[in-house]
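We did not get these values from a lab; they are worked out from the coordinates using the rules stated. Keep in mind it's a predicted model, so treat the numbers as computed, not measured. Positions of Cβ are generated from backbone atoms using ideal geometry, with glycine treated the same way; all protein chains shown enter the neighbour counts.
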Amino acid sequence: MCGIAGIYAYLDVAPSVDRVELGRMNVRMAPRGPDGSGDWLSPDGRVGFTHRRLAIIDLSERGAQPMHSADGALTITFNGEIYNYRELKAELEAKGRVFRSDSDTEVLLQLYEERGAAMVEALRGMFAFGLWDSRQRRLVLARDPLGIKPLYYADDGWTLRFASQAKALLAGGAVSRDPDPAGIVGFHLLGSVPEPFTVWQGIRAVPAGATMVVDATGPNAPRQYYSVARSLGRRAEGAKADTSQARATLSAALHDSVRHHLVSDVPVAVFLSAGLDSGALLGTMAELGARDTLAVTLAFEEFRGAALDEAPLAAEVAAHYGARHVVRTVDRREFERDLPAIFDAMDLPTIDGINTWFVAKAAHEAGIKVALSGLGADECFGGYPSFVDVPRSVHLLRPFGVLPGLGALARRVMSAAIAAGIGVHPKAAGLLQYGSSWAGAYLLRRSVYMPWELDDLLDPALLEEGLRRLAPLSRIAAELQAGRPLGDFDRVATLETSLYMRNQLLRDADWAGMAHSIEIRVPYVDPFFLAALPPGDVLAAVNAKQAVADIPVPPLPAASRNRPKTGFVTPVGRWLREASGAAEDVTFSAASRAWALRIGQAFA
Amino acid sequence: MNTRILALVGDCYGAQGGIARYNQDLFEALAEDGAEILIVPRLGDAAGLALPARVQQHPPVFGRLMFSVASLSAAWRHRPVDVVFCGHVFMAPLAWALSRLFGARYWLQAHGIDILSLGRGLVRRAIEAADLATTVSRATRKNLLAQADIAPERVRVLPNTVRGMFAPGPPSEALRARLQLGAGPVLLTVGRLAASERYKGHEQTFAALPALRAEFPGLIHLVVGDGDDRGRLEKRALELAGDPAAVRFLGYVPEADLPDLYRLADLFVMPSSHEGFGIVYLEAAACGLRVVGGAGGGSGDAIPDGRVGVAVDPGDGEALIAAIRRSLGEGGADQAAIEPYRRPHFAAAATKLLARLRTGPHRMRDAA
């Protein structure tokens with residue numbers, strides 16, 4: 001778990017790699033890897049890698065990076081964890097391969113020799129890496145299936161640069177800062193920048209679940225080796241809708257995932273809220289034999305003693321499973337004090353990530369390097385209101401979608417009425433126009449602003465250009481391509497997993513966690529786990545989001561099941577609102593709008 | 001089987017100018033690698049010229065409609081066509097249509113200034129449909145990506161190549177004596193003196209001369225090139241430099257004589273703000289002459305780094321003076337930096353791009 005970067009001067013006319021530039025990229029990522037730093041330059045000076053290390057598996061120098069294959073032909077710089085590296089290593093050893101270290105990094109090198117770039121399909125974990133194959137003179141970039149680890153690249157037509165953070169690419173000094181209208185419009189629409197865009201035209205994300213090969217002609221089109229929609233489609237196909245076995249299947253899948261996510265040579269903690277998802281992780285850890293686990297809970301001065309305070313219930317769960325419990329209380333003064341550092345660490349604009357910043361900060365203070373998080377459970381178990389709202393909207397409003405223009409007309413009338421002061425959220429105006437398609441209904445549900453509202457916020461030329469390139473509806477609809485029809489639950493799960501979770505939650509977990517040198521592991525975000533779960537309609541039928549409470553033995557205490565789901569209720573919403581100067585007495589949604597504007601300015 | 005290419009271009013054999021030269025270099029490289037190329041130009045007649053093996057050129061067809069008809073019939077005769085190459089963005093719709101019609105892959109070449117202002121509509125959509133787009137410079141690539149919605153991986157850079165006649169050599173004493181250059185140092189500018197190309201920055205150089213000549217009394221600025229702006233520039237030279245001996249206009253110089261001029265001079269100076277690529281910078285440097293160019297446009301690609309020279313802000317007179325002063329003490333351009341622009345590298349890059357185009361996804365077919 002680290003920070004990686006590299007430069008490949010692929011065209012002959014491009015100047016050779018500038019070691020000083022590589023150094024500046026490395027320094028920008030220092031918090032990602034405080035335990036070590038290394039760089040490597042190919043003998044001909046055309047390729048250079050750099051690496052910041054947060055040592056978690058094989059703490060010795062043998063695990064240092066960039067790492068070379070035994071014959072020196074392959075070099076890798078790798079960020080992440082491969083949870084099944086021991087299994088893969090055993091397979092490779094059975095084929096006669098000899099290992100020099102106990103690190104998962106070396107497994108990647110040897111697996112590549114065995115299978116080439118297709119080896120990513122065998123990896124269980126979170127990863128982003130750059131691998132230089134000097135025999136074929138090509139650079140392979142790869143990113144994990146669900147996009148837990150970030151990987152950005154900048155290609156100017158002569159030279160390709162890549163890094164774990166967009167800001168590290170900029171820090172190198174050779175990458176253009178020209179703004180990208182698509183990314184800027186995407187952020188204002190959704191509250192986070194949708195892949196593959198960033199807010200800079202010269203920088204793009206390697207898509208989640210893709211590899212990209214860079215040869216002497218430059219980068220080739222990314223090759224997608226994983227798609228959420230296809231994976232959920234396959235899951236739905238084989239299994240019959242058998243609810244009797246569903247709970248046992250669910251339990252086995254989570255036990256397997258947690259067991260894999262505990263692979264580490266340093267202690268693994270857990271971020272514990274009052275919700276069921278993180279409690280189930282702690283319970284499963286305890287059941288699997290983890291002793292004396294540290295559980296970190298975030299509390300807010302403003303909520304002390306109130307129903308919204310998660311600390312008392314979390315304490316009960318921690319005690320129930322024999323964990324050491326740390327409650328970290330944050331107040332507004334600390335938030336304001338940290339704000340400049342938050343802006344600096346925030347790699348791309350986002351309206352979220354503040355909670356992760358503080359809980360990771362608390363974990364770091366407690367001497368922790370690795371923590372499990374319940375992130376992703378809502379996406380796979382249907383924990384969001386969108387699982388109900390989006391299908392309902394589509395089924396109810398389908399007749400309106402048939403009549404072209406009716407929805408748009410209704411939206412204009414409604415917009416005018418809202419502007420005139422009827423007390424309805426501005427997004428409601430678009431219900432008829434957007435709510436009848438899956439992509440439209442999802443956009444309506446997840447958006448901060450709707451397209452027609454951006455006229456007031458953004459320069460008209462930038463808005464037009466950005467919307468044209470972003471094409472939000474077709475981009476959302478494209479995520480649903482599964483090669484077979486998906487059920488309602490799986491459709492929403494696909495959209496939430498491949499859009500909201502990827503572009504918002506996982507990206508925020510990365511920058512906010514890594515800023516404090518904390519590796520956040522997410523057992524609910526794992527293709528092997530997703531594939532092992534019962535199909536979506538069965539998960540819905542057995543109410544999986546409640547059923548997780550019964551997975552650990554012993555199950556979660558009764559108190560935690562009876563707690564109403566509060567969602568994202570923290571005073572952070574209010575702080576954001578006040579920090580961004582919005583009017584009093586507005587909803588969270590309105591606060592996030594004001595915050596979006598403030599963030600947009602910080603990146604301008 | 002060899003790749004069969006139908007090339008729609010503005011001009012190629014039998015024509016002068018940078019784009020014609022680039023097309024010739026490209027087709028020669030591809031034909032040497034085995035490609036069979038049929039060129040349909042709008043201008044330039046190849047009749048009587050010896051073309052490289054496997055390269056044929058159709059007689060020029062200027063009119064838009066007739067060009068389309070000629071291209072269609074040429075494609076029919078040249079089938080099976082594997083690749084339709086389009087040498088000018090305004091022919092992109094035709095190239096796109098022909099590639100669909102003949103099931104061929106579609107390669108678009110975009111030169112510097114011709115994509116500055118794409119509107120909406122057909123041309124842009126035809127650009128976005130390209131399986132492979134190449135540009136001569138990084139700046140043109142960036143410009144193209146900013147204006148057309150095309151996957152950045154499909155837009156590659158294939159820089160101009162510098163020909164073998166441009167190589168270092170001893171300065172000709174005879175030429176030096178004939179031109180009566182005196183002690184020097186000699187600054188040299190080569191470029192058309194056209195009212196439409198005032199961005200080349202002659203006047204900025206003239207304005208720098210008084211300060212430079214205070215330090216180097218023998219300094220002379222040689223201006224090579226002709227055009228409709230010459231009379232005005234001669235007046236401006238006198239006004240700005242303040243000394244009739246400071247600037248010498250040599251008029252048009254045949255290409256074959258340019259290397260000797262480059263070898264004679266001490267510094268190439270042209271603070272241009274809009275070069276598409278800036279091949280003259282490269283040709284000067286290939287003769288060993290250090291370069292002071294202008295930042296902006298594609299010049300950065302012909303002056304890759306400090307081994308060749310420096311690009312200054314054309315609007316900053318002080319910076320230009322400082323750059324010239326500094327560069328005069330730095331010796332010639334490093335030939336190691338020029339080597340990658342030589343023909344073997346260009347040919348290797350071109351053939352790799354063609355191989356990539358042929359093995360990559362077939363967008364026409366996939367979309368159908």
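Here is how the numbers come out for the structure above:
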quantity	calculated
At R0 = 30 Å, FRET efficiency that the Cβ-Cβ distance of A:GLN245 and A:ALA558 yields, to 0.05	0.75
Estimated FRET transfer efficiency (B:ASP334, B:ALA174; beta-carbon r; R0 25 Å; 0.05)	0.35
Sum of -39500 (n - 2.57) over DSSP H runs of 4+, divided by residues of the protein assembly as shown (222 nm, nearest 500)	-12000 deg cm²/dmol
Net dipole in debye of region A:304-388 [+1 Lys, Arg Cβ; -1 Asp, Glu Cβ; about Cα centre; nearest 20]	320
Intensity falloff of region B:132-203 expressed as log10 I(q)/I(0), Debye formula with alpha-carbon point scatterers, at q = 0.25, 0.28 Å⁻¹	-1.09, -1.14
Length added when fully stretched, B:ASP226-B:ALA245, from 0.36 nm per residue minus Cα-Cα	4.9 nm
Kirkwood estimate for region B:152-286, i.e. one over the average of 1/r between Cα atoms, Å	15.8
Separation between Cα centres of region A:234-306 and region A:71-143, rounded to whole Å	28
In order through region A:52-67: 3J(HN,Hα) via Karplus (6.51 cos²θ - 1.76 cosθ + 1.60), integer Hz, x for Gly, Pro	10, 10, 10, 7, 10, 10, 6, 6, 6, 5, 5, x, 5, 9, x, 10
Whole-percent pair-distance distribution, where bins are 10 Å wide, for the alpha carbons of region B:301-363	18, 31, 22, 17, 10, 2
Size descriptor, Kirkwood hydrodynamic radius, that averages inverse alpha-carbon separations across the protein assembly as shown, Å	31.2
Value of Rg to Rh for chain B (Rh from inverse mean 1/r over Cα pairs, i.e. Kirkwood)	1.01
Sequence-distant residues sharing a close amide H with A:ASP144 (under 5 Å, placed H)	A:PHE127, A:LYS149, A:GLY209
Cα centroid separation - region B:50-103 against region A:327-400, whole Å	56
Given chain B, longest segment not containing exposed loop chymotrypsin sites (Phe, Trp or Tyr not before Pro) (DSSP; at most 13 other Cβ within 10 Å)	B:63-251
Charged-residue dipole, Cβ positions (Lys, Arg, Asp, Glu), region A:225-277 about Cα centre, Debye nearest 20	240
Residue-wise HN-Hα coupling along region A:482-487, computed from phi with Karplus coefficients 6.51, -1.76, 1.60 (Hz; x: Gly, Pro)	10, x, 7, x, 9, x
Electrostatic dipole magnitude of the protein assembly as shown [Cβ: Lys, Arg +1; Asp, Glu -1; Cα centre; debye, to 20]	1780
For chain A: relative contact order, % (alpha-carbon pairs under 8 angstrom, 6 or more apart)	17
Inter-label distance, nm, simple model (7 Å from Cα along the C-beta direction), A:ARG468/B:ARG236	3.5
Neighbour-limited loop hits for trypsin sites (Lys or Arg not before Pro), region A:143-252 (at most 13 other Cβ within 10 Å; DSSP other than H, G, I, E, B)	A:ARG177, A:LYS240
Theoretical FRET efficiency, 1/(1+(r/R0)^6), r = Cβ-Cβ of A:VAL20 and B:ARG326, R0 30 Å, to 0.05	0.90
Inter-label distance, nm, simple model (7 Å from Cα along the C-beta direction), A:ASP344/A:ARG62	3.8
Filter on A:LYS95/A:LYS149; A:LYS89/A:LYS149; B:LYS200/B:LYS235; A:LYS167/A:LYS545; A:LYS89/B:LYS352; A:LYS95/B:LYS352 - keep pairs with C-alpha separation over 25 Å	A:LYS95/A:LYS149; A:LYS167/A:LYS545; A:LYS89/B:LYS352; A:LYS95/B:LYS352
Distant-in-sequence amide H partners of A:GLY202 (H built 1.01 Å from N, under 5 Å)	A:ASP178
P(r) histogram, all alpha-carbon pairs of region A:16-103 included - 5 Å bins from 0, percent	3, 13, 20, 23, 18, 13, 7, 3, 0
Amide H partners (placed H, <5 Å) of B:ALA194, local residues excluded	B:ASP229
Residue-by-residue Karplus 3J(HN,Hα) for region B:96-103, coefficients 6.51, -1.76, 1.60, Hz, glycine and proline x	4, 4, 5, 5, 5, 4, 9, x
